[in-house]
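Only one structure is covered here, and it is reproduced in the block below.
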Amino acid sequence: MNTRSVPLKEKNIIFIGFMGVGKTSIGKAVAKKLYRDFLDVDQVIEEEYGMPVPEIFNKLGEKTFREKEKEVIINLCQKKKLHILSLGGGSFLQEEIKKACLEHCIVIHLDLSWDSWKERINLIIDSRPVLKGKSMEDMEELFNKRKAIYADHHSSVLTDSQEIEEVADYIVNSLKWAWELNEPQ
Ligand code: S3P
């Protein structure tokens, strides 16, 4: 597909960022405001295997999960279906995924400070196999290390102390500006 010929307005929108930053909640809110369909890639994978992500890691291994993650994302991001997609926090570790997303979609990074993220640990720890058995120091190290994979994006939004609706409104307004400015004459 020649991506240059795809108007900005017709590209899928992808949310990336560390586990628990709010990609799914914010993605859903943005989708609602733009009348688009929302897809959570982890959920698509869970439906394919008929089990939750921790069980996929346990029974089939991380490698199988990552292979399926690549297949699902590359397939979805090239479809011109005006989707909003939320990606798992580790997906951009795979260069092929990163490349395909940046080439075909609008990639929005959701950022959060370590101090704010720390407050959410209890909400997510049981459902994230990557955090299993990690100390606070290990998690902080992973949090900082992962920053490098999210550095490539089309836009980044710091979500600290903001409500889901506020962030979603900001993103929708920014997108509308970009679409207007890039409207073919
Ligand atoms: C992962 C993040 C998770 C999920 C899996 C691995 C990671 O998604 O894909 O547990 O490696 O960061 P969320 O970012 O939606 O939590």
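No lab work stands behind these numbers, since they all come straight from the coordinates. Computed from a predicted structure; not experimentally measured. Methodologically, a virtual Cβ is constructed for each residue, glycine included, from the backbone with ideal geometry; neighbour enumeration extends over all protein chains shown.
Details
- Interchain or long-range residues, amide H under 5 Å from Val107's placed H: Ile14, His154, Ser155
- Coupling constants for segment 76-89 follow from the phi torsions by the Karplus curve (6.51 cos²θ - 1.76 cosθ + 1.60, θ = phi - 60°), and in residue order they are 5, 6, 8, 7, 8, 10, 6, 8, 10, 10, 10, 9, x, x Hz; glycine and proline get x.
- Taking other C-beta atoms within 10 angstrom as a stand-in for reagent exposure, Ile13, Ile149 fall in the order Ile149, Ile13, fewest first.
- Segment 44-154 shape via C-alpha gyration tensor axes, a/c threshold 1.5: oblate
- Neighbour-count order for His109, His154, fewest beta carbons within 10 angstrom listed first: His154, His109
- Residues Asp40, Asp169, arranged from fewest to most other Cβ atoms within 10 angstrom of their Cβ, appear as Asp169, Asp40.
- Couplings for segment 59-68, taken from phi via the Karplus curve 6.51 cos²θ - 1.76 cosθ + 1.60 with θ = phi - 60°, read 8, 10, x, 5, 4, 4, 4, 5, 5, 5 Hz in order; Gly and Pro are left as x.
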